[in-house]
Amino acid sequence: MSSGEWVSSSVPYVVPREKGEGDAWQDEAAAKGGVGSQRIVRAGEVPAPSEVAALLLIGDGADVVVRQRVIYLDDQPTELTDTYYPVDVAGGTRLEGTAKIRGGAVTLLAELGYTAHRVREEVSARMPTEAEQQVLVLTDAEPVLCMTRVTLNADGRPFQVDTSVFPASGQRLRYELEPRI
């Protein structure tokens, strides 16, 4: 795949997939001539980090289900994403395991009755940690973008928090809004 600027939209990542469709990342990478994959390095219940607990509106340190992933493009690590769910949403589901979920977690959540009504994203930049440098194959002079996405249901309840880190170079995020009047 050729190098250059990568333009990505968040919409496919918060909408359930149709029956038989693969995951959004595989489709996005394929549309740009690449191969997208991911490896789930950890899944299960953990105490919620303070920032995540606040975003999920749960007690600091309350248990959550996490799925920690390394995202690859053409077998090269390109993103680190940790996704957190309240235990009453994801406990006892396939979200607690490291196996791939057909159609992705968003499709499974929809089957469980949780669909995105509102999504809030925040993006910042910083220098990578040593661990991030190693996994993403970065120098200590290359900044990363950090995106936090909170997904809320129709009742305004947050049921998913994603924290992602990816190299800033060559990235452009696209947001399309449909204002309500």
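The values are calculated or read from the model by the stated rules, or taken from the named source; none is laboratory data. Since this is a predicted model, take the numbers as computed values, not measurements. Cβ: placed from backbone, ideal geometry, glycine included. Neighbour counts: every protein chain shown.
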### Task
Return the only residue of Val123, Val161, Val135 being of a type in the set (Val, Ile, Thr) and outside any strand (DSSP E or B).
Val135
### Query
Given the residues Ala105, Ala99, which is the only one that is at negative phi, touching a strand residue (DSSP E or B) at 6+ places or on another chain (Cβ under 9 Å), among the small types (Gly, Ala, Ser) and loosely packed, with under 13 Cβ neighbours inside 10 Å?
Ala99
### Task
Output the qualifying pairs, or none if there are none: Cβ atoms under 9 angstrom, residues six or more apart or on different chains, first residue in the stretch 126-147 and acidic (Asp, Glu), second residue outside any helix (DSSP H, G or I) and loosely packed, with under 11 Cβ neighbours inside 10 Å.
Glu130/Asp140
### Query
Of all residues in the stretch 164-181 being exposed (fewer than 13 other Cβ atoms within 10 Å of the Cβ) and part of a loop (DSSP other than H, G, I, E, B), which is modelled with the lowest pLDDT?
Ile181
## Note on the structure
Residue set Thr107, Thr148, Thr163; condition touching a Pro at 6+ places or on another chain (Cβ under 8 Å) and of a type in the set (Val, Ile, Thr); output residue Thr107
### Query
Which of the residues spanning the stretch 139-149 are surrounded by fewer than 19 Cβ atoms within 10 Å (Cβ to Cβ) and touching a Lys or Arg at 6+ places or on another chain (Cβ under 7 Å)?
Pro143, Cys146
### Task
For the stretch 79-87, indicate whether the set of residues that are touching a residue at least 12 places away in the same chain (Cβ under 8 Å), within 19 Å of Cys146 (Cβ to Cβ) and touching a Phe, Trp or Tyr at 6+ places or on another chain (Cβ under 8 Å) is non-empty.
yes
#### Entry: Test: residue in the stretch 27-47 that is crowded, with 21+ Cβ neighbours inside 10 Å and either within 20 Å of Val119 (Cα to Cα) or modelled with pLDDT of 90 or more (or both)
no
